[in-house]
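Colleague: My questions all concern the structure below.
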Amino acid sequence: MVDKKYVYLFREGSAGMKNLLGGKGANLAEMTNIGLSVPQGFTITTEACLEYYEEGEQLPEGLWEQILPAIRDVEDQSGKKFGDPQNPLLVSVRSGARISMPGMMDTILNLGLNPDTANGVSEATGNPRFAHDCYRRFIQMFGDVVLGISSHKFENILEDVKDKQGVRYDSELSPESLQELVLEFKKLVKQETGVPFPDDPYEQLRQAITAVFKSWNNHRAIVYRKANGIPDSYGTAVNVQSMVFGNMGNDSGTGVAFTRNPSTGERHLYGEYLMNAQGEDVVAGIRTPQPIDSLQSENPAIYQQFCDIAALLENHYRNMQDIEFTIEKGRLYILQTRNGKCTASAAIRIAVELCQEGLITKEEAVERIDPQQLDKLLHRRIDDQAKLDVIATGLPASPGAASGKIVFDADDAQRLGEDGQKVILVGTETTPDDIHGMLAAQGILTSRGGMTSHAAVVARHMGKPAVCGCDALKINLAEKTMTVNDIVYTESSEITIDGATGQVIRGSVPMKDPELSDEFQTILKWADEIRTMQVMANADNPPDAAKSREFGAQGIGLCRTEHMFMDPARLPIVQKMILAQTLPEREAALAELLPMQESDFYGILKAMQGLKVTIRLLDPPLHEFLPDGEELAMEIQKLKLTADLNDSKVQEAIKSKESLLKKVRALQEMNPMLGHRGCRLAITFPEIYAMQNRAIFQAAARLVKEGVDVYPYVKIPLVIHHKELEILRQQADEIAQEVMKEQGVTINYKVGTMIETPRAALTADEIAPYADFFSFGTNDLTQTVLGFSRDDAEGKFLPDYINAKVLEVNPFAVLDRDGVGRIMKTCVGAGRKANPDIKIGICGEHGGDPASIAFCQEINLDYVSCSPFRVPIARLAAAQAALKVKSK
Ligand code: PEP
Ligand code: MG
């Protein structure tokens, strides 16, 4: 059997071997092979790390036997020898997983030093200070990382020696003091571990490699992996590389530079360096590094060499690079290069410019942008320079930042908002009754509720910032106060919320406007050329419709009509309609609502002229429009106890409240999510949808007469049976015909259905003949397929399901492919077979989520629809999804 290869010299690897050699190892190999001056070394594979764990934390058999010849090779190349007192080779030992985990695992520098080799370095360099400084740093690092001795114990000794010598900075220590430090450090190691510090370089190396393997499972690495979705099964590689020194005099130095500016994306070297220093001096901040531009005057030859290498690396990797370098006695070495991390706006500019420079294709430019990152650019945000007094942190529920005075009541928010004041609506949670306050507020802050609570969903939909579930807030609605850490905030207090980070900040802070740069528009234009699915918006009013258009929506995929019923001016009429005892009474109330609805639809259809507008008829249970039963009962009780019962007005008030209470109780349901809602309402009360249909077609007819191009699509919610759609489609068709005849116009309309129940999806072949389109309402479909009530699940047990890894992510945020997705796929197949012309899309919240959009592409949907502010994200994600499917 051929022994497994655990060790690769840099020249034996390549960029494509990331999984085996880790990102850093693969890059060092690649740089070596393109001829750059890289200090030589070798990489121990991630497989060796995994076997280390499989074998109960033992180095795999045969590993050491492969390390020894690799060291010989490095010795030959460097002309130095490991452990040789005359000309010693020193190495660094670093971790490097296949995905970069900055700072999470351990590094050891200057390995190979002992009293003899330290003297050797001192003589070879003629710089005893440097040699002993390296040695004491090595003992400290090795002591901390490998032997587990707390760093501060070394620091205390260092402080004592500095005091003794009467100096302030490490760099002022004399060679003698440094030698003394070495002895003191070694004494500490013996004290702490019971054994002397290893002097044998090979023993040092064995222990260091073991420590790096172990650091894969240190606490911070585990936490980082969990937060970033990196599997535990990857393991880390170990890179052993010969050391070069930036601290060997004024002809040496070290630095880090990006090939482009990581904040703005500008094509100009960006970074800093420090002469006569090692990397940690830069980090320690004892001396201020110089901007990379000054290297041009300080050492023009090296600067030019670096510029050439930076250009070479960018061309080679076809991406902005983040490069670490060291100059040792006038010779430039490249220690590391990787794709640079940058802000969202820089990422866009860089991708666009790299494409324009001919380095990457449009497709690659589109693929490189993280759609989620765009979110930040589409909202106002806190100026990066601002100083923040953060008083609490909740969930980042809806991006954007806003400042304003605290208000605790939706009516107050509306009143002050109309008065031109900026307010933040604060509460334990929000309900549909608060909609007017949410509309008037700059942002929403709640102490309870998750990322998909009412406040979060509605705020995202409105494009307003929200922080939810901020449980450090103690809210007293009766007294209108909010207490955090014993400090009481009242209605006059001003706060800022940052919906991107979840921070709640005292006072108002400077903000930055959204950045829809030219490059942003360019990348979206390219995305539009690539994608095959249409992107529509969920919008209920003309300003949202206009916003959607501005963001590139190709129509409205969901206009929810219940929000229109919640308007405080209309609510009493809606209540009259619900409380009507007879059909004529109900029809009278509906007649009052008709012109109002007509004007709603007129505004939206006009704002979206030329594009389709899908209007969903009334969906939620009627009791949502009525007052709360408990509160009503208390009001009645209070009247009975305190008012003059002989007063006929009081009697009248009690009577009317009692009749309202009776109706409220009658409409109360055990489980409203599965109750009398959606098209079930219209089967019982056809006159409600009749009014809405009439309002839609009358509005459309008026616009047609005005010469406006309109495409109203009527959408029926919560269908379970083809018969429902058959009846309700017929009603819509009849009213459309009537209106067209009355007005003498033709309206291009369509009628379709939401698919929100398993039965509808499974009987798609029976339903499709009655539908021009299907629209997956995956909010409800997820509830009905999983049998979870969303509010209960998110508020109670869903976090436990995710912690216990029963579910990986919240299925209300990211589509559950295996369950909900499978049903959708069946539905698409059956629906298209029965009605080949049918158009199928999605309008649940998943329509704005990139991973869910990718699934929609896989099952061949015609469109996705999402809230206006997610439209650009969906445009990009749809293009990426199309590219992914194409590449399969
Ligand atoms: C849905 O259920 O996915 C949907 C869009 O409808 P709503 O969220 O209004 O119930
Ligand atoms: Mg629904």
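Colleague: Take the Cβ-Cβ distance between Arg331 and Val885 as r, set R0 to 60 Å, and report the resulting FRET efficiency rounded to the nearest 0.05. Could you put the intermediate results ahead of the total?
Modeller: Details: r = 49 Å, r/R0 = 0.82.
Once rounded, the FRET efficiency stands at 0.75.
Colleague: Please report the spacing between the Cα centers of the range 472-547 and the range 590-612 in Å, no decimals.
Modeller: 28
Colleague: Could you do me a favour and compute the accessible area per residue for the chain, 1.4 Å probe, result in Å²?
Modeller: The answer is 43 Å² per residue.
Colleague: Stokes-Einstein diffusion coefficient for the range 16-162 at 4 °C in a medium of 1.567 mPa s, Rh from the Kirkwood formula over Cα pairs: what value in µm²/s? Numbers along the way, then the final one.
Modeller: On the way: Rh = 17.2 Å.
For these conditions, the coefficient is 75 µm²/s.
Colleague: Please list 879-886, 862-869, 133-140 highest first by mean number of surrounding beta-carbon atoms within 10 Å per residue. Before the final figure, lay out the partial values.
Modeller: Numbers: 879-886: 19.0, 862-869: 26.0, 133-140: 24.0.
Descending packing order for the listed peptides: 862-869, 133-140, 879-886.
Colleague: Ignoring ligands, DNA and RNA, please state the percent of accessible area on the range 627-668 from carbon and sulfur, probe 1.4 Å. All intermediate terms of the calculation are to be shown ahead of the outcome.
Modeller: Numbers: 1640 of 3180 Å².
Percent of accessible area from carbon and sulfur atoms in the range 627-668: 52.
Colleague: State, in angstrom, two size descriptors of the range 384-512 derived from its alpha carbons: Rg to one decimal place and Dmax to the nearest whole number.
Modeller: Spelled out, the Cα radius of gyration and Dmax of the range 384-512 are 12.7, 38 Å.
Colleague: Using only the alpha carbons of the chain, determine the length spanned along each of the three principal axes and report them from longest to shortest in whole angstroms.
Modeller: 107, 66, 55
Colleague: Suppose every Lys and Arg Cβ carries +1 and every Asp and Glu Cβ carries -1, with no other charges. What dipole size does the chain come out with about its Cα centre, to the nearest 20 debye? Let's see the in-between values first.
Modeller: Details: 94 positive and 122 negative charges, 302 e Å.
I would put it at about 1440 debye.
Colleague: In nm, give the distance between the simple-model label positions of Thr361 and Lys474, each being 7 Å from the Cα along the Cα-to-Cβ direction.
Modeller: Calculated label separation equals 6.2 nm.
Colleague: Less than 20 Å from a label point 7 Å out along the Cα-to-Cβ axis of Ser508: which backbone N atoms in the range 408-435 qualify, by residue?
Modeller: It comes to 408-409, 412-426, nothing else.
Colleague: Something else: Glu587 to His219: extension gain in nm, 0.36 nm per residue of separation minus the Cα-Cα distance? Intermediate values should be presented prior to the final figure.
Modeller: Values: separation 368, 0.36 × 368 = 132.48 nm, distance 6.65 nm.
Length gained between Glu587 and His219: 125.8 nm.
Colleague: To the nearest 0.05, what FRET efficiency results for Val390 and Lys226 with a Förster distance of 25 Å applied to their C-beta separation? Mind showing how you got there, number by number?
Modeller: Details: r = 24 Å, r/R0 = 0.96.
Here the calculated transfer efficiency is 0.55.
Colleague: How do the peptides 403-410, 335-342, 463-470 rank, highest first, by the average count of neighbouring beta carbon atoms within 10 Å per residue?
Modeller: Numbers: 403-410: 21.2, 335-342: 19.5, 463-470: 26.8.
Ranking the peptides 403-410, 335-342, 463-470 by packing returns 463-470, 403-410, 335-342.
Colleague: Sorting check: for 73-79, 533-539, which peptide has the highest mean count of neighbouring beta carbons within 10 Å, and how do the rest follow? Don't skip to the answer; put the middle values down first.
Modeller: Working: 73-79: 16.0, 533-539: 27.3.
Top to bottom by mean Cβ count within 10 Å: 533-539, 73-79.
Colleague: Okay, moving on. Can you tell me the convex hull volume per residue for the range 42-100, based on C-alpha atoms, in Å³ to the nearest whole number?
Modeller: Working: hull volume 5.9 nm³, N = 59.
Spelled out: Cα convex hull of the range 42-100, divided by residues, is 101 Å³.
Colleague: Considering only DSSP beta bridges whose two residues both sit in the chain, what percent are antiparallel, to the nearest 5? Walk me through the intermediate numbers first.
Modeller: Details: 62 of 101 bridges.
Counting only bridges with both partners in the chain, antiparallel ones make up about 60 percent.
Colleague: With all protein chains present, how much of the accessible area of the range 1-94 (probe radius 1.4 Å) comes from carbon and sulfur, to the nearest whole percent? Don't skip to the end; give the middle numbers.
Modeller: Working: 2020 of 4170 Å².
Within the range 1-94, the accessible surface is 48 percent carbon and sulfur.
Colleague: Tell me, in nm to one decimal, what length is gained between Ala666 and Asp84 on full extension, where the rule is 0.36 nm per residue of separation less the Cα-Cα distance?
Modeller: Values: separation 582, 0.36 × 582 = 209.52 nm, distance 9.22 nm.
The span from Ala666 to Asp84 would gain 200.3 nm if fully extended.
Colleague: Between the alpha-carbon centers of the range 410-465 and the range 192-261, tell me the distance in whole angstrom.
Modeller: Going from one Cα centre to the other spans 49 Å.
Colleague: Work from the charge dipole of the range 566-719 (Cβ charges, +1 for Lys and Arg, -1 for Asp and Glu, about the Cα centre) and give the residue of Val714, Ile688, Ala666 farthest towards its positive end.
Modeller: Result: Val714, furthest along the dipole toward the positive end.
Colleague: First compute the accessible area of the range 384-512 with a 1.4 Å probe, then give the percent of it belonging to carbon and sulfur atoms.
Modeller: C and S atoms contribute 47 percent here.
Colleague: While we're here: Specify which residue in the list Thr746, Phe697, Ala397 is farthest towards the positive end of the charge dipole of the chain, using unit charges on the beta carbon of Lys, Arg (+1) and Asp, Glu (-1), about the Cα centre.
Modeller: Value computed over the given set: Thr746.
Colleague: Also, quick follow-up: Which value in deg cm²/dmol, rounded to the nearest 500, describes the helix-derived mean residue ellipticity at 222 nm for the chain, given -39,500 (n - 2.57) per DSSP H run of n ≥ 4 and division by the residue count?
Modeller: Numbers: 35 runs with 414 residues, N = 888.
So the calculated ellipticity at 222 nm is -14500 deg cm²/dmol.
Colleague: Whole-Hz Karplus ³J(HN,Hα) for the range 29-38, in order, using 6.51 cos²θ - 1.76 cosθ + 1.60 and θ = phi - 60°, x for Gly and Pro?
Modeller: After applying 6.51 cos²θ - 1.76 cosθ + 1.60, I find 5, 4, 5, 4, 6, 8, x, 7, 7, 10 Hz.
Colleague: In whole Å, what is the distance between the alpha-carbon centres of the range 83-161 and the range 689-715?
Modeller: 77
Colleague: How large is the translational diffusion coefficient of the range 253-342 in µm² per second when you combine the Kirkwood radius over alpha carbon pairs with Stokes-Einstein at 20 °C and 1.002 mPa s?
Modeller: Values: Rh = 13.1 Å.
Once the numbers are plugged in, D ends up at 164 µm²/s.
The values are calculated or read from the model by the stated rules, or taken from the named source; none is laboratory data. Not measured: the values here are computed from a predicted model. Cβ: placed from backbone, ideal geometry, glycine included. Neighbour counts: every protein chain shown. To get the accessible areas, we keep the full protein, side chains included, count just its heavy atoms, and leave off ligands, DNA and RNA. Shrake-Rupley method; radii C 1.70, N 1.55, O 1.52, S 1.80 Å.
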